[in-house]
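Heads up, the thing below is written out as structure tokens.
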Amino acid sequence: MRLTRMMAFFSLCLSLTVSSNILRSDDDPLRPPAIAVENVPAVPPELAERLRQYDNVRSATFQGWSPDGNGMVIQTRFGNTGQLHRVYQPGGRREQITFYDEPAAGGFIPESSEALLVSMSLGGNENFQIYRHDLATGRGTLMTDGTSRNEFGPVSEDGSWLLVVSNRRNQRDSDIFRMSTTAPYEYQELMQVENEFWVPEDLSLDGTKVLLNMYVSINETYPAVLDLETLEKTPIPPPKGATSEKVAFGIVRFSKDGQAAYVCTDARGEFLELAAIDLETFEYTWLAEDIEWDVDGIIVDEVTGHVAFTVNEDGATRLYLYDGENRRSIDTPLGIVEGMEFSPDGTQLGCTIARPDEPADAYSIDIASGDVTRWTF
């Protein structure tokens, strides 16, 4: 009984102590106006000031190469929003391209170093709109309808059109459209969906086929090939002897000739394995059976057909290059490698590397030597 009374007394003292430190939400000068709170302690100004250096860390992410080979596009914060900048050489100055009020992501239109495709939403509402941003005028032209949610898909090799996933039809289902990169609001419906979520992952070099992936869950996806001339969709089956009826496919990418697809799938066990699938026979060729980690990134060079792929090796990225016969590992700084893209001439691989001891920065990797060069600091 005595112990119970002591515990009750201690609880009462604790509640009184906490209550004395709680201010009304209106009394907290650091509370954002859009947030309503009740019985939440005010953030001490000295703590907010101490955390400022961590809140305001600036990073830079690789967004793509310039089609003329003259540098790369990165996204880095300017003021309170991430904007696009051009960097012409490693360690060079950042030339700001976009000056919008909202965070801007995107990159150059293929075959054009004078215009970019930019994605933005309003106030974080995630109803993304796509703009064509012309460098000569510094102005952006709204290409989508301004109200629905529109997300980037692959862009054609000549840069004249791109694939867009949009819910413009009923504000619920995300259909797939072909959209001009020069004429605003010019949608052509390619695939209408009903209570499914399909993502266009890659476009063949000749612009006739699209690799799609239908996402159900992290453990269940369904890839397919969409013929853009007939609009016929052909499912890609899992390999013979798959361990489960429900199979996960991660990244799917066309080979250079469009006759095969590089995929990562867990069809044979615990890990996402790298495989090449013949799109005529749907036979699988396993390319990295000795790697017992998840393959989480694949990119194919349109010039040489070489494949770069990344593996989540115990929480950090291991990068590999595969030339169709041989595979080699590329030593990168410890961290996470994302956003890979081969340069227009196929000699370099651009990417973002986020390290545990530094913010993310843009890097390039020389394909021949494997040398890693940091572009932003």
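The values are calculated or read from the model by the stated rules, or taken from the named source; none is laboratory data. Keep in mind the model is a prediction, meaning the values are calculated, not measured. Ideal geometry is used to build each Cβ from the backbone, glycine not excepted, and the neighbour counts take in all protein chains shown. Ligands, DNA and RNA are excluded from the accessible area calculation, which covers all protein heavy atoms including side chains. Shrake-Rupley method; radii C 1.70, N 1.55, O 1.52, S 1.80 Å.
Tell me, how many Å apart are the Cα centres for region 178-252 and for region 92-110?
Their Cα centres are 29 Å away from one another.
Over the chain, what is the mean sequence separation of C-alpha contacts under 8 Å (at least six apart), divided by residue count, expressed as relative contact order in percent?
Details: 857 pairs, mean separation 34.9, N = 377.
Relative contact order for the chain comes out at 9 percent.
Return one whole number: the accessible area per residue of the chain in Å², for a 1.4 Å probe.
Numbers: 20410 Å² over 377 residues.
Ligands and nucleic acids excluded, the result is 54 Å² per residue.
Once the Cα gyration tensor of region 74-188 is diagonalised, what are the square roots of 5 times its eigenvalues, in whole Å and ordered largest first, as equivalent ellipsoid semi-axes? Mind showing how you got there, number by number?
Working: eigenvalues 121, 59, 24 Å².
Whole-Å semi-axes of the equivalent ellipsoid: 25, 17, 11.
Taking amide H atoms as placed 1.01 Å from N in the peptide plane, list the residues 5 or more away in sequence, or in a different chain, whose amide H sits under 5 Å from that of T144.
Placed amide hydrogens put I130, Y185 under 5 Å from T144.
Which one, V295, A267, C351, is farthest towards the positive end of the dipole of region 244-377 when Lys and Arg carry +1 and Asp and Glu -1 on their Cβ?
C351
Quick check on the chain: helices-only [θ] at 222 nm, where DSSP H runs of length 4 and up contribute -39,500 (n - 2.57) each and the sum goes over total residues. Nearest 500, please. The partial results should precede the final answer.
Values: 2 runs with 31 residues, N = 377.
Helices in the chain give a 222 nm mean residue ellipticity of -2500 deg cm²/dmol.
Whose amide H sits under 5 Å from the amide H of G297, counting only residues 5 or more places off or on another chain, with H placed in the peptide plane?
For G297, whose amide H was placed from the backbone, the distant partners under 5 Å are T310.
As an exercise, find the ratio Rg/Rh for region 187-270 from alpha-carbon atoms, using the Kirkwood inverse-distance average for Rh. Before the final figure, lay out the partial values.
Working: Rg = 13.1 Å, Rh = 13.5 Å.
In region 187-270, Rg relative to Rh is 0.97.
Mark the label point 7 Å from the Cα of A34 along Cα→Cβ and return the residues of region 117-137 whose backbone N is within less than 16 Å of it.
Label zone hits: 120-129.
Once amide H atoms are built 1.01 Å from N in the peptide plane, which residues 5 or more positions from F197, or in another chain, come under 5 Å H to H?
Those lying under 5 Å, H to H, from F197 are Y215.
What is the extension gain from T285 to T137, computed as 0.36 nm multiplied by their sequence separation minus the C-alpha to C-alpha distance, in nm to one decimal?
Working: separation 148, 0.36 × 148 = 53.28 nm, distance 4.94 nm.
Length gained between T285 and T137: 48.3 nm.
Region 109-218: which chymotrypsin sites (Phe, Trp or Tyr not before Pro) are DSSP loop and have at most 13 other beta-carbon atoms within 10 angstrom? Show your work: numbers first, answer last.
Numbers: sites: F128, Y131, F152, W161, F177, Y185, Y187, F197, W198, Y215; in loops: F128, Y185, F197.
Loop-located and lightly packed - Y185, F197.
What does the convex hull of the alpha-carbon atoms of region 235-377 project to on average, in nm²? Intermediate results must be reported in sequence, preceding the final value.
Values: hull surface 36.0 nm².
So the Cα hull casts an average projection of 9.0 nm².
Counting Lys and Arg as +1 and Asp and Glu as -1, each charge on the Cβ, what is the dipole of region 234-377 about the Cα centre in debye, to the nearest 20? Kindly include the intermediate steps, with their values, before the conclusion.
On the way: 10 positive and 28 negative charges, 39 e Å.
Charge dipole of region 234-377: 180 debye, to the nearest 20.
Grab the alpha carbons of the chain, take their convex hull, and tell me the volume per residue in Å³. Working shown, then result.
On the way: hull volume 81.4 nm³, N = 377.
Hull volume normalised by residue count: 216 Å³.
I need the GluC sites (Glu not before Pro) found in region 159-261, filtered to DSSP loop residues with at most 12 other beta carbons within 10 Å of theirs.
Values: sites: E186, E189, E194, E196, E201, E220, E229, E232, E245; in loops: E186, E194, E196, E229, E232, E245.
Taking region 159-261 and a limit of 12 other Cβ atoms within 10 Å, the loop GluC sites (Glu not before Pro) found are E194, E196, E229, E232, E245.
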